[in-house]
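A quick write-up on the structure given underneath.
Read-outs: derived from the displayed coordinates by stated rules, not from any lab. It should be emphasised that the depicted structure is a prediction, and the values quoted were computed from it without experimental measurement. When we count neighbours, we look across all protein chains shown, and the Cβ atoms used for this are built from the backbone with ideal geometry, even at glycine.
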Amino acid sequence: MNLRVLEAPPTQVHVALDGRLDTAGVDAIEVKFNAAVVARRKDAVVDLSALEFLSSMGVRMLLLAAKALERTGQRMVLVARGPVISTALQHSAIDELIPVAQDLDQARAILAGGRP
Amino acid sequence: MRSTFEQRLTADLRALSALAAELRAWLALHGVDPQAVHGIDFALEELASNCIRHAQLPSGAQGWIGVRVELTRDAVELRLDDGGAPFDPTRAPAPPRFSDLASATAGGRGLRMVLELTPDLRYERVNERNVVRVRVPRAH
């Protein structure tokens, strides 16, 4: 499980996750993820395009981070492509709470457009 | 033609991760469709991790989860059995619907996600053990 912090505008943080966000993957990455996404208190784009597997524990990690951001006035947008991750987001219903973009440009547009 | 993968999983999340990797490799070796592999992989992850975290498995020699995967011509069937307290995942209460981010609760989604992805899931209690069978088509 890997996390990369990508170049982003000053008011945003962009991270990309790759690998398996299963229970073991969450154990391995959650502290680093929260440090990169929540602690910075910026709007966040979380790119799941290279993720191979998303479990309910992975959904939980994303949801808790989005809730923490909202408490300080920031938002999270997910980027997901491909059926495996998109289906997991739909089945968990987390896509009803956190916007899901097809690509980085769409994610930036969602953040620029205010609350969806 | 039938082929079988069978192991005893100790109640440990790291052991689950290792077993899941071994199972994925075994299914790929047998030419199982990637979508079917994902269905079995997902059901194993959610059901076994839920059992390890919540089932209060007996300690010692009885504290294991039986994992058996059988390939038939048309399907892949995952069978999990454990000696924890009786628990029927098909009767687990549905998680509350989300209304807004502030009030959303994070837990309780895994079993619902399994039932959505692999709806052919059956439960029975056999010889003081929970037995769950998940069946997915071998090719989509």
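Side notes on the structure shown:
- Per-residue Cβ neighbour rank within 10 angstrom, fewest leading, B:H54, B:H38: B:H54, B:H38
- Prolate/oblate/rounded call for chain B, Cα gyration tensor, a/c under 1.5 rounded: oblate
- Partner chain coverage, peptide A:17-24 - average Cβ within 10 angstrom: 5
- Here the contact order of region A:2-104, divided by its residue count and restricted to Cα pairs under 8 Å and six or more residues apart, works out to 26 percent.
- Span-rule helices in chain B, defined as complete DSSP H runs reaching 18 Å or more along the axis (Cα) with Kyte mean at least -0.5: B:13-29, B:34-54
- Expected 222 nm ellipticity per residue - DSSP helices of 4 or more, -39500 (n - 2.57), all of the protein assembly as shown, to 500: -12000 deg cm²/dmol
- Residue exposure proxy: A:S86, A:S56, B:S99, A:S92, ordered by other Cβ atoms within 10 angstrom of their Cβ from fewest to most, comes out as B:S99, A:S86, A:S92, A:S56.
- Fluctuation leader among B:G107, B:G83, B:G31 - chain B, Gaussian network, Cα springs under 10 angstrom: B:G107
- For B:S17, net neighbour charge (Lys/Arg +1, Asp/Glu -1) across residues whose Cβ lies under 12 Å away: -3
- Total formal charge among the other residues, if their Cβ is under 13 angstrom from that of A:V59, Lys/Arg +1 and Asp/Glu -1: -3
- Relative contact order %, chain B, counting alpha carbon pairs below 8 Å whose residues are six or more apart: 30
- As a proxy for reagent exposure, A:K32, A:K67 were ordered by neighbouring Cβ count within 10 angstrom, fewest first; the result is A:K32, A:K67.
- GNM result for chain B, Cα springs below 10 Å: residue of B:F42, B:F87, B:F98 fluctuating most strongly: B:F98
- For the protein assembly as shown, the share of DSSP beta bridges that are antiparallel, to the nearest 5, is 70%.
- Proximal charge balance of A:A80 [Cβ under 13 Å; K/R count +1, D/E count -1]: -4
- Note on chain B: with a GNM built from Cα contacts shorter than 10 Å, the maximum mean-square fluctuation among B:V76, B:V114, B:V32 falls on B:V32.
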